[in-house]
Amino acid sequence: MMGVIMILAMVFDLADKLNDFIQAGATGKEILFEYFFNFMLLYANMFSPMIIFISVIWFTSKMAQDTEIIPIWNSGRTFGRFVRPYMIAATILMLLSLTLNHFLVPRANRVRLIFEEEYYWNNMQVNDYHAEFPGEQVVYFSNYTSESGIVHGFVVEQWNEKGEIVSFLKAKTAKNEPGSDKWVLNDYFERKTSYPKDDLRVGHQLDTTFAFSIDEMATRANIAEAMTYFELKEFIERERDKGSTRVPTYEVVLYERTSLPFSTYILTIIGIAVASRKKRGGIGINIAIGLGIIFIYIFAMKVTSVAAMNVGLPSYIAVWVPNLLFGAVAYLLYRNVQR
């Protein structure tokens, strides 16, 4: 089931992006191993609870249609004993998914995102940036484009612990040397407060260093996908200190890495409950019901995620609400099947 769905996903993605890859000069080896291998690893793990759910429905429906479940129950086996092998398998797959989510998939995503950055993504642009860095340093600029690497309207303010401004530095344009903390400012104005007179400096070019780089300020929304658990935790703390508005988005990514694997238990129980009784429509009707449940589950995930990012709902609550709701549904279905 996993293989069929991933091949379909790869074909659709290939049809959409292949022309861009070829025009950018990507080789077949790079497309296959640096992009699609990591692409399939990401989405296979992301959708594994749903794929497991469909697999459980298909397998259990086949047993029910072949009248293999009724003799099991008539032999005196309890429903809990019938469910036990499913839950053992679900536990193994859940632990595997947790490990992949937090440590292995992020490293694979790093390779995939580097490939996309080189061969697919268009010029990245950041407008009206504002952040507060550690050390009471406030930074903002009006515009930045990755193609030119030039920051326009660059301003750095240094404040003290009393809430008083110590220095103000403004440049018409600025450029950060790649991979370093070195900056070149053009047409700059600097003012440092001092007693009895402030110190003013004006010039055409200034070579200086800051405790930050453009890579920290100009990041794509999916940058969190390339960070392991501990890297992402540290990154979220830095973004929170800077007052970044993307913190809820990054928190949703972090918490979903745990909540999604745990949904394997819930969806497995629902799948067994839906498919363990023989139905007139056969396997097809059970799979249709399963697809409907998956649609509702994904919809609930999106609604709560949007609420966390835009309404202020705590991220850890947002990502666990669908599991709690469907957990209650799984419990009711489990009790009903036992009766």
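The values are calculated or read from the model by the stated rules, or taken from the named source; none is laboratory data. Predicted model, so just to flag it, every value in this text is computed and none were measured. Cβ atoms come from the backbone with ideal geometry, glycine included; neighbour counts cover every protein chain shown.
Okay, residues lined up against (1) assigned to a helix (DSSP H, G or I); (2) of a type outside the set (Ser, Thr, Tyr):
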{"residue": "Gly243", "(1), (2)": "no, yes"}
{"residue": "Glu256", "(1), (2)": "yes, yes"}
{"residue": "Thr268", "(1), (2)": "yes, no"}
{"residue": "Leu291", "(1), (2)": "yes, yes"}
{"residue": "Ile298", "(1), (2)": "yes, yes"}
{"residue": "Val306", "(1), (2)": "yes, yes"}
{"residue": "Pro322", "(1), (2)": "yes, yes"}
{"residue": "Leu325", "(1), (2)": "yes, yes"}
For Met46, are the conditions met, namely being out of contact with any Leu (no Cβ under 8 Å at 6 or more places or on another chain), surrounded by 14 or more Cβ atoms within 10 Å (Cβ to Cβ) and either polar (S, T, N, Q) or within 30 Å of Phe326 (Cα to Cα) (or both)? no
Which numbered condition trips up Ile22, out of (1) touching a residue at least 40 places away in the same chain (Cβ under 8 Å); (2) in a helix (DSSP H, G or I)? (1)
Does region 224-253 hold any residues that are among the hydrophobic types (A, V, I, L, M, F, W, C) and touching a residue at least 40 places away in the same chain (Cβ under 8 Å), and which are they? Ala226, Met227, Leu232, Val252
Out of all the residues in region 49-105, which are polar (S, T, N, Q) and either assigned to a helix (DSSP H, G or I) or closer than 14 Å to Ser276 by Cα (or both)? Ser55, Thr60, Ser61, Gln65, Thr67, Asn74, Thr78, Thr91, Ser97, Thr99, Asn101
Tell me the residue from Leu18, Leu41 that is closer than 22 Å to Ile114 by Cα and within 22 Å of the chain's Cα centre (by Cα), please. Leu41
Residues that are surrounded by fewer than 21 Cβ atoms within 10 Å (Cβ to Cβ), aliphatic (A, V, I, L, M), in contact with a Leu (Cβ under 7 Å, 6 or more places away or on another chain) and in the same structural domain as Met63 (by TED's automatic domain parsing): does region 259-282 have at least one? no
Assess whether Glu237 counts as being surrounded by 20 or more Cβ atoms within 10 Å (Cβ to Cβ), of a type outside the set (Gly, Ala, Ser), in a helix (DSSP H, G or I) and not assigned by TED's automatic domain parsing to the domain that holds Val155. no
Selection within region 212-228 - in a loop (DSSP other than H, G, I, E, B) and at pLDDT below 85: Ala218, Thr219, Arg220
Give me the pairs, please: first residue somewhere in region 64-88 and assigned by TED's automatic domain parsing to the domain that holds Ile285 and touching a residue at least 24 places away in the same chain (Cβ under 8 Å), second residue anywhere and surrounded by 10 or more Cβ atoms within 10 Å (Cβ to Cβ) and among the basic types (Lys, Arg), beta-carbon distance under 6 Å, and either six or more positions apart or on two chains. Ala64/Lys278
Which residue, of Ser97, Ser146, is small (Gly, Ala, Ser), touching a Pro at 6+ places or on another chain (Cβ under 7 Å), at negative phi and touching a residue at least 40 places away in the same chain (Cβ under 8 Å)? Ser97
Taking the stated definitions as given, is His130 closer than 27 Å to Met227 by Cα and either of a type in the set (Ser, Thr, Tyr) or not in a helix (DSSP H, G or I) (or both)? yes
Long-range neighbours under 6 Å by Cβ, at least six apart or interchain, first residue under 23 Å from Tyr229 (Cβ atoms) and assigned by TED's automatic domain parsing to the domain that holds Phe21 within region 106-119, second β-branched (Val, Ile, Thr) and not in a helix (DSSP H, G or I): Pro106/Thr228
